[in-house]
Amino acid sequence: MGKRRALAAALLLALAVASCGKSGSPPVKGPKAELLPHYTVAKDISLPESSVWRRAKNRGHLIVGAKEDQPYLGEKDPATGVYTGFDIEIAKMMSASLGFDPGTIEFKTIASANRETALQNGQIDYYVGTYTINANRKKLVGFAGPYYMAGQGLLVRKDENKLTAPQDFDGKRVCSAAGSTPFQRMQKDYPKVDMVAYDTYSVCVDNLLTFQVAAVTTDDTILSGYAAKVPDELKVVGKPFSKEPYGVGVPKSDNTLRFALDDAIEAHEKNGDWKKAYAATLGLSGRPAAPAPPIDRYPAS
């Protein structure tokens, strides 16, 4: 066990290096700035009925909630403070369509359990961070999209060959993010699994590498990013056992903003920005691009 823990410590260091890279350079295996699309900023756009848009206009920029520890989706370089990933590119597309230079976005890291509160209290203008659209959340916030369809999966150590499905983990410790849809689903559908929750998935992965949990469960997109960082030590197993439509979270009362973002997502899918952004970010994890799901233009409530 002593040797295993020493190996795990080395792996954690390798994961950190892979996530960060040297100061001033792109993350290893991560998005390269020169390959990312450039988004045309909309001119003469005006959304006076959107309270969020008006505040951002007066402020001069948008404040966007995001994740900082999800490789190829939403990852923050601790050396530079720069956020990269597919979700970050979606946030930039939305900014351009709302008339704001994407380079002026102020990103804020918001944990899964705090997303609804951050939108409700005006801490952020919108949220892009593997945010699954579901009926319960629609009671609290609004959603534009979806812009991607993921599915819940399992991440295990590379030498694990027996545990491949959620029911295989009865009596074993499995980690996910507090307040996340995957955590809630495991508790409901697989009550014999010993679930462990933390604010971030990176802590879950640390626990997996140090043999404190048997698996990490969340969306397969997120897990593929971590597995791609250290492919000799981690792998995604089994088949996805849910559908996770990712949406852009907005304040529930701001339907004007929601409808404008629905239009923006559709426009960027049609003009090729979505496909280019995917190829330069999440596509680097080895996941082929799935067709973008249809926009759910549900009526104002």
Exercise for the section: From 273, 206, 263, grab the single residue that is surrounded by fewer than 15 Cβ atoms within 10 Å (Cβ to Cβ) and either over 22 Å from residue 84 (Cα atoms) or not aromatic (Phe, Trp, Tyr) (or both). Expected result: 263
Exercise for the section: Check whether at least one residue in segment 247-262 is part of a helix (DSSP H, G or I) and at pLDDT below 95, and report yes or no. Expected result: no
Exercise for the section: Confirm whether residue 236 is part of a strand (DSSP E or B), of a type outside the set (Ser, Thr, Tyr) and modelled with pLDDT under 95. Expected result: yes
Handout entry: Number of positions in segment 43-67 that are open to solvent by less than 10 Å² (accessible area, probe 1.4 Å) and either in a loop (DSSP other than H, G, I, E, B) or over 29 Å from residue 199 (Cα atoms) (or both)
Key = 2
Practice task
Evaluate segment 64-73: report whether one residue or more is aromatic (Phe, Trp, Tyr), at positive phi and in contact (Cβ under 8 Å) with a residue 12 or more places away in the chain.
Solution key: yes
Completion exercise
Over segment 148-168, the set of residues of a type in the set (Asp, Glu) and either in contact with a strand residue (DSSP E or B) (Cβ under 8 Å, 6 or more places away or on another chain) or not in a loop (DSSP other than H, G, I, E, B) (or both) is 160, 168
Handout entry: Scope segment 125-147; condition over 16 Å from the mean Cα position of the chain (by Cα) and either among the acidic types (Asp, Glu) or part of a loop (DSSP other than H, G, I, E, B) (or both); matching residues
Key = 125, 139, 140
Exercise for the section: Could you check, for segment 100-110, whether at least one of its residues is surrounded by 15 or more Cβ atoms within 10 Å (Cβ to Cβ) and closer than 16 Å to residue 181 by Cβ? Expected result: yes
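One line per residue, one yes/no per condition, for (1) at pLDDT below 95; (2) at negative phi:
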site	(1), (2)
27	yes, yes
31	yes, yes
50	no, yes
60	no, no
77	yes, yes
81	yes, no
93	no, yes
97	no, yes
110	no, yes
Practice task
Taking the options 239, 243, name whichever one is within 26 Å of residue 185 (Cα to Cα), of a type in the set (D, E, K, R) and in contact with a strand residue (DSSP E or B) (Cβ under 7 Å, 6 or more places away or on another chain).
Solution key: 243
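Condition (residue is within 20 Å of the chain's Cα centre (by Cα) and part of a loop (DSSP other than H, G, I, E, B)) applied to segment 269-285: is it met by at least one residue?
Within segment 269-285, one or more residues are within 20 Å of the chain's Cα centre (by Cα) and part of a loop (DSSP other than H, G, I, E, B).
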Handout entry: Meets criteria (of a type in the set (Phe, Trp, Tyr) and at negative phi) for residue 211
Key = no
Exercise for the section: Please give the number of the condition residue 191 fails out of (1) open to solvent by 10 Å² or more (accessible area, probe 1.4 Å); (2) at pLDDT below 95; (3) within 27 Å of residue 137 (Cβ to Cβ); (4) out of contact with any helix residue (DSSP H, G or I) (no Cβ under 8 Å at 6 or more places or on another chain). Expected result: (2)
Exercise for the section: Could you grab the pairs with beta carbons closer than 6 Å, sequence gap of 6+ or different chains, first residue in segment 176-204 and closer than 14 Å to residue 134 by Cβ, second one open to solvent by 30 Å² or more (accessible area, probe 1.4 Å) and at pLDDT 95 or above? Expected result: 183/197
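The values are calculated or read from the model by the stated rules, or taken from the named source; none is laboratory data. Predicted model, so just to flag it, every value in this text is computed and none were measured. So basically every Cβ, Gly included, is an ideal-geometry build from the backbone, and we count neighbours across all protein chains shown. Accessible surface areas use protein heavy atoms only, side chains included; no ligands, DNA or RNA. Shrake-Rupley method; radii C 1.70, N 1.55, O 1.52, S 1.80 Å.
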